[in-house]
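Accompanying notes for the structure given below.
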Amino acid sequence: MYRALGLFCILVATAAFLPQETPTEGEQVYARFLADKSRFHQQVQQLATYVQSDAPQDSLQAAFKRSRLGYKRLEWLLEYYQPVLASRVNGPPVVEVEVDEPGEILMMPRGLQVVEPYLFPTYDRTQKDSLVHELTVLLSYSTRLEQGIPANKLSDTDILEAIREELFRLLTLGITGYDAPEVQTGLPEAAVVLTTLHETFQPYANRLPNALATQVEKHWLAAIQAVSKASDFSSFDRVTFIREQLYPLCNVLQQARQTLGVGVTASGRFLSPMVTTLSDSGAFRPDYLINFGDFRSSPQKVALGKVLFFDPLLSGNNARSCASCHQPERAFTDGRVKSRAFRGRKSVLRNAPTLLNAGLQNVQFYDSRVFYLEDQAHDVLKNAHEMRTSPDEVVRKLSGSSEYKKWFTEAFSGGLTAPNVRNALACYIRSLTSLNSRSDRYLRGEEVSLTADEKLGFNLFLGKARCATCHFFPIYNGFTPPHFDKTESEIIGVPNRRKIENARIDSDPGKFMTYQKELHRFAFKTPTVRNAALTAPYMHNGVYKTLDQVVDFYNRGGGRGIGIHLDGQTLADKPLDLTPVEQKALVSFLNSLTDTTGLTSRPTQLPIVEREPALNRRKPGGRY
């Protein structure tokens with residue numbers, strides 16, 4: 001027995017001097033994540049203890065800020081592998097509806113963003129029990145954040161993809177104030193995020209050629225320094241940060257990735273896995289937002305859809321086309337408060353929205369009642385106030401043209417059918433992508449300039465004015481980055497008239513009309529503000545004639561800010577305190593988002609219909 005024990009001791013002693021296998025990058029990342037997760041849990045626990053013991057307000061607020069900074073060390077990996085769990089820890093404080101077979105379930109918001117308004121700007125101790133409950137729920141989530149993260153299977157591809165995604169999240173949700181609207185800790189949190197990602201990337205940097213490793217290090221440190229030295233959330237020059245620090249960092253990381261031979265994810269996503277920055281050409285893939293693989297776009301489908309879009313044959317009286325209400329020269333709107341209804345005797349329910357970038361969202365119409373552009377086309381065709389026809393009737397008419405039959409045969413294996421008509425129209429609309437304004441080119445580092453007013457307005461949009469917390473960069477609509485898995489709706493309290501005195505909420509119930517949920521009453525999809533200079537009048541009811549009026553409405557705090565009693569307004573009702581100079585600058589920036597290059601042409605000629613020579617065919621884009 002003693003001999004065996006002695007042999008065992010010798011083996012143990014020998015093993016201690018044997019070379020140990022170096023942990024892989026994935027193993028190092030996972031070990032750091034576990035340590036950060038434990039630290040975050042302790043920070044939330046300390047906050048809960050402070051609340052229970054009635055600690056002073058400044059102690060509570062400081063503990064909350066530490067918890068947020070602790071979460072930011074975890075966010076990049078948690079969001080990549082477990083976005084649903086991440087939303088329970090740091091999701092927006094918005095009630096959501098989850099649709100299931102038996103019915104609908106209200107999903108109450110949870111996490112840090114729900115806790116925040118209990119503590120800021122001041123702590124109301126009468127809310128202690130509710131705050132304790134929220135922290136208890138948060139603590140239960142913080143104990144299991146590693147669930148679903150593959151401990152020993154973190155690949156280089158996934159790690160570098162998660163880093164890229166977090167840089168995009170920092171840009172779109174972090175420095176804009178979306179994450180922490182009251183406490184406004186977006187810049188210190190950005191510094192933590194950048195520092196964490198820098199540490200994570202270091203093992204990869206050690207494998208790079210010296211010159212490239214030096215460049216990577218230079219850009220990491222420049223980005224970290226830019227946000228670390230920022231003294232104030234409102235005055236931070238976000239535009240310069242993106243152009244001169246963040247995007248150059250993204251570019252050099254892409255070079256490093258290629259040098260290391262690390263591939264990209266193969267999974268299909270709306271955001272292309274190949275792009276380096278969110279302002280790259282081709283960053284987004286509208287064909288991801290289709291319900292059937294056969295509905296993917298092709299040049300033949302787009303060309304056919306364009307002709308159909310301008311053809312009055314698609315209406316019940318052969319006198320109006322899609323272009324009647326969506327005129328290319330007006331960025332595919334019509335300049336009216338509300339479009340003329342069928343036969344021009346009345347108006348339709350709502351203002352005609354732009355179709356530019358309509359393919360860059362996953363719900364359609366102001367009330368989000370359909371998900372796909374094909375369904376939108378179907379809805380418009382059969383709507384009694386719009387096109388007043390039927391899919392079968394449209395097919396019957398188009399069958400009278402040998403050209404149409406030939407084009408459908410070339411574009412679709414199934415030829416001329418009602419689904420293919422809708423798909424052709426949808427493919428044309430998806431082609432109307434406009435993401436190359438002067439502001440976009442400026443961020444890419446191209447030789448273009450922004451005026452002082454435009455640059456100030458851009459910074460206000462991304463910061464003090466909080467526009468980008470609903471109109472998300474860079475599409476500037478409600479399609480939430482960087483996962484792009486849902487399109488947000490907001491209740492902002494649009495009035496029924498421009499005059500502030502005795503203003504009342506517009507009677508249109510919005511999303512409530514579709515879903516019959518009280519939380520959706522007066523909620524409308526957040527539209528893009530790209531090309532807004534061409535799309536007046538504004539809002540779903542066309543109540544505002546100018547962008548100056550729109551900015552004034554938001555500056556006052558939306559509907560509640562102008563005296564409308566409105567429960568559930570999701571827009572903060574506190575005034576933005578924008579000066580007249582700042583309001584003017586914000587409009588200047590919105591004007592800089594104009595870009596319709598190559599998208600406004602009309603067909604030179606429409607196909608001839610042989611079978612119905614007596615049709616009252618008006619010119620393309622007829623207005624009745």
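The values are calculated or read from the model by the stated rules, or taken from the named source; none is laboratory data. The structure displayed is predicted, hence computed values, not measured ones. Quick reminder, even Gly has a Cβ in these numbers, built from the backbone with ideal geometry, and neighbours come from all protein chains shown.
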- Quick one: in the range 255-299, which of the residues that are surrounded by 20 or more Cβ atoms within 10 Å (Cβ to Cβ) and assigned to a helix (DSSP H, G or I) is nearest to the chain's Cα centre (by Cα)? P286
- Would it be correct to say that A533 is at pLDDT 95 or above, over 24 Å from E182 (Cα atoms), surrounded by fewer than 21 Cβ atoms within 10 Å (Cβ to Cβ) and among the aliphatic types (A, V, I, L, M)? yes
- Among the residues of the range 35-86, how many are under 22 Å from the mean Cα position of the chain (by Cα), part of a helix (DSSP H, G or I) and of a type in the set (A, V, I, L, M)? 5
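The rows are residues; the columns are (1) farther than 29 Å from M539 by Cβ; (2) of a type in the set (S, T, Y).
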{"position": "Y247", "(1), (2)": "yes, yes"}
{"position": "R257", "(1), (2)": "yes, no"}
{"position": "L278", "(1), (2)": "no, no"}
{"position": "S281", "(1), (2)": "yes, yes"}
{"position": "L289", "(1), (2)": "no, no"}
{"position": "S298", "(1), (2)": "yes, yes"}
{"position": "G305", "(1), (2)": "no, no"}
{"position": "L313", "(1), (2)": "yes, no"}
{"position": "R330", "(1), (2)": "no, no"}
- Message: So F522 passes all but one of these: (1) touching a strand residue (DSSP E or B) at 6+ places or on another chain (Cβ under 6 Å); (2) under 30 Å from R238 (Cβ atoms); (3) not aliphatic (A, V, I, L, M). Which condition number does it fail?
- Response: (2)
- Item | Contacts under 8 angstrom Cβ, first residue in the range 80-92 being within 11 Å of Q113 (Cβ to Cβ), partner of a type in the set (S, T, N, Q) and surrounded by 18 or more Cβ atoms within 10 Å (Cβ to Cβ), 6 or more apart | V89/S142; N90/Q113; G91/Q113; P92/Q113
- Query: Quick check: anything in the range 313-323 over 15 Å from R388 (Cα atoms) and part of a loop (DSSP other than H, G, I, E, B)?
  - Reply: no
- Query: Considering only helices (runs of 4 or more DSSP H) fully contained in the range 383-458, which possess at least 3 residues that are closer than 25 Å to T597 by Cβ?
  - Reply: 418-430, 438-443
- Task: Pick out, from the range 486-586, the helices (runs of 4 or more DSSP H) lying fully within it that include 3 or more residues that are over 29 Å from K455 (Cβ atoms).
- Result: 512-515
- Query: Quick one: Y288 ticks every box in (1) under 25 Å from T528 (Cα atoms); (2) in contact with a helix residue (DSSP H, G or I) (Cβ under 8 Å, 6 or more places away or on another chain); (3) hydroxyl-bearing (S, T, Y) bar one, so which box is it?
  - Reply: (2)
- Could you figure out which of (1) farther than 25 Å from P117 by Cβ; (2) modelled with pLDDT of 95 or more isn't true of G6? (2)
- Message: Quick check on my filter: what residues within the range 102-113 are of a type in the set (A, V, I, L, M) and modelled with pLDDT under 95?
- Response: I105, L106, M107, M108
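If I ask for residues that are within 23 Å of the chain's Cα centre (by Cα), under 30 Å from V51 (Cβ atoms) and of a type outside the set (V, I, T), which ones from the range 113-165 would you list? Break it down stepwise before answering.
Within the range 113-165, the first condition is being within 23 Å of the chain's Cα centre (by Cα), and the residues that meet it are 113-114, 116, 158-165.
From what's left, under 30 Å from V51 (Cβ atoms): 113-114, 116.
Correct list: Q113, E116.
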- Message: Restricting to the range 376-410, give me the number of residues that are closer than 27 Å to P353 by Cβ and either under 37 Å from the mean Cα position of the chain (by Cα) or hydrophobic (A, V, I, L, M, F, W, C) (or both).
- Response: 18
- Sole exception among (1) modelled with pLDDT under 95; (2) touching a Ser or Thr at 6+ places or on another chain (Cβ under 9 Å); (3) among the hydrophobic types (A, V, I, L, M, F, W, C) for L349, by number: (2)
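Answer yes if at least one residue in the range 558-578 is basic (K, R), out of contact with any helix residue (DSSP H, G or I) (no Cβ under 8 Å at 6 or more places or on another chain) and not assigned by TED's automatic domain parsing to the domain that holds L355, and no otherwise. Step through it out loud before you land on a result.
We begin by selecting, within the range 558-578, every residue basic (K, R); these are 560, 574.
Remaining after also requiring out of contact with any helix residue (DSSP H, G or I) (no Cβ under 8 Å at 6 or more places or on another chain): 560.
Subset that is not assigned by TED's automatic domain parsing to the domain that holds L355: 560.
Looking through the range 558-578, at least one residue is basic (K, R), out of contact with any helix residue (DSSP H, G or I) (no Cβ under 8 Å at 6 or more places or on another chain) and not assigned by TED's automatic domain parsing to the domain that holds L355.
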- Message: Given the condition outside any helix (DSSP H, G or I), under 21 Å from C467 (Cβ atoms) and not aliphatic (A, V, I, L, M), answer yes or no: does some residue in the range 186-209 qualify?
- Response: no
- Item | All positions within the range 74-101 that are of a type in the set (D, E) and at pLDDT below 90 | E96, E98, D100, E101
- Close pairs (7 angstrom Cβ cut-off, 6 or more residues apart or separate chains): touching a residue at least 40 places away in the same chain (Cβ under 8 Å) in the range 213-239, in a helix (DSSP H, G or I) and of a type in the set (K, R) anywhere: V239/K455
